[in-house]
Each structure stands twice: as C-alpha cells, then as structure tokens.
Amino acid sequence: MAYFLIFISAIFVNNIVLSQFLGICPFLGVSKKIPTALGMGIAVSFVLVIAVVATYLLQQYVLVPLNVGFLQTILFILVIAGLVQMLEMIIRKISPSLYQALGIFLPLITTNCCVLGVSLLVANGTYQAQGAQLTLLTGVIYAFATAIGFALALVIFAGIREQLARVQIPRNMQGMAIALITAGLLALAFMGFNGVDAGIAALLK
C-alpha cells in the first residue's frame, strides 16, 4: 500500500511542476503542441528514472564510503548530462521529427532542475516515502511517478494552450502572459488533490 501511496502522491498531491515548481522551463517552453509535450514528457521520464538509479548507486557506493559528499551536485550533473547525450542520439536516430520539435529543450534536460532535484531527493532520502523504508525500489517508484506527473501536467497544459490558440485573446494577454495565468490556474486545480493520499490510506486500513 505504501508504494501505491507514493505513486499517487507524486503524481497528483506533490506534482513536481505544479506543487514543487521544478522543471518550469520545459513546462512553459515545450507545451504549445500536445505531441511535442508528450515527447518531452517521455524523454524526461526516461532520463529521470535512469538518473535516479545511477545517482543513488553513486551516492551509496562511492560518495558516502569515500566521504566526498561535497562532490554530489557536480557528479550528479555529469551523470545526467551523459544520459541526456545518449537519449539525444537515440531520438535523433529513431524519430528525427521529434528531435527537431524538441529542439534546444532536449539538451536542456541536462540542467532541468526536475531531474537533478528528484535525484538529490532520492539520494539524500528526503522525499515523501509514505511510511515505506527508503530503498532504491521506493526511490525508483517515486521517480517514475514523478515523471508521470511531469508528463501529465505538460500534456494537460499543452492541450489548454492549443485551445487558447483558437480563441481571441486581448493583445496584452497574448503569449507568455496567458500561459502563466493558465499555469497558475492549473496549479490551483491540482491543489484540490491535497489530502487524497491520506484519504486513500484511511480507506485501505
């Protein structure tokens, strides 16, 4: 049950973008079209899950035993950068159209605070585990759920922006202004999920 609660909480209650405000750059920059948003969500999900596994093992078996925790952020960024380079080559070969659509935002996953932030949370054991023991398995579940939450928010936001592009908006509200207002309203909507995990836990007892 704890794993299920971690999953639900990371997607809806503590959404990485709309509740913790990490990954705002791709959230605003790659959310004009649903296919592009979906592709970005899948790319970030792939990098995020693998990065969490790699950085967790690096933390537990290299940084902690050697007492060099001060190198954590730098080494984590290097690991994430390597994963992004690998993903970039795969996408370029498999789907050139998606590669062109993602543009500069694909290499920007390297500095995406969502990926780095989740990696640090899992490695340091400071994420919400809903009573479960902090292990690599719970970390991977949390990372996977966080990635789904990121992709969900991105696709929903892209869908709303596609609809907004079809209506007349006052000139002063066009572009990033209406996008930020929409993002704020979406964040308020997700606040309605607060307490859902606690309610589910109470029902399952």
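The values are calculated or read from the model by the stated rules, or taken from the named source; none is laboratory data. Fair warning: this is a prediction, and the values are worked out from it, not measured in the lab. Positions of Cβ are backbone-derived with ideal geometry, glycine not excepted, and every protein chain shown enters the neighbour counts. Just the protein is used for accessible areas: all its heavy atoms, side chains included, with ligands, DNA and RNA removed. Shrake-Rupley method; radii C 1.70, N 1.55, O 1.52, S 1.80 Å.
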1.4 Å probe accessible area per residue over region 10-51, in Å²
35
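Suppose R0 equals 35 Å. What FRET efficiency, 1/(1 + (r/R0)^6) with r the Cβ-Cβ distance, do residue 124 and residue 4 give to the nearest 0.05?
Values: r = 24 Å, r/R0 = 0.67.
Efficiency computed from Cβ-Cβ geometry: 0.90.
Using a 1.4 angstrom probe, figure out how much accessible area region 66-170 has per residue, in square angstrom, rounded to the nearest whole. Walk me through the numbers before you get to the answer.
Details: 5400 Å² over 105 residues.
Value returned for region 66-170: 51 Å² of accessible area per residue.
List the DSSP H helices in the chain whose Cα atoms stretch 20 Å or more along the helix axis and whose mean Kyte-Doolittle hydropathy is at least 1.6.
On the way: long enough: 34-58 (35 Å, 2.23); 72-94 (33 Å, 1.70); 136-164 (42 Å, 1.70); 176-191 (22 Å, 2.42).
Passing helices, by number: 34-58, 72-94, 136-164, 176-191.
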Quick one: length gained pulling residue 66 to residue 140 fully straight, 0.36 nm per residue minus the C-alpha distance?
24.2 nm
Zone of residue 34 (label point 7 Å along Cα→Cβ, backbone N under 19 Å): which residues in region 178-203?
183, 186
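Roughly how many percent of the accessible protein surface of region 1-128 is carbon and sulfur, given a 1.4 Å probe and a whole-percent answer? Let's see the in-between values first.
Working: 4350 of 6060 Å².
Carbon and sulfur together cover 72 percent of it.
What 222 nm value per residue comes from the helices of the chain, counting each DSSP H run with n ≥ 4 as -39,500 (n - 2.57) and dividing by all residues, nearest 500 deg cm²/dmol?
-21500 deg cm²/dmol
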Based on Cα positions only, what radius of gyration and what Dmax would you give for region 1-103, in angstroms?
16.1, 46
Which residue, 153, 123, 132, tops the fluctuation ranking in a GNM of the chain built on C-alpha contacts under 10 Å?
132
The chain shape via C-alpha gyration tensor axes, a/c threshold 1.5:
oblate
How charged is the neighbourhood of residue 39? Take every other residue with its Cβ under 14 Å from the Cβ of residue 39, and add Lys/Arg as +1 and Asp/Glu as -1.
+2
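Expressed in nm to one decimal, what extension gain is obtained for the pair residue 89 and residue 25 from 0.36 nm per residue of sequence separation less their Cα-Cα distance? Don't jump to the answer; show the numbers that get you there.
Values: separation 64, 0.36 × 64 = 23.04 nm, distance 2.20 nm.
So the chain would gain 20.8 nm between residue 89 and residue 25.
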Where the centroid of each part is defined by its Cα atoms, how far is region 4-58 from region 153-205 in Å?
15
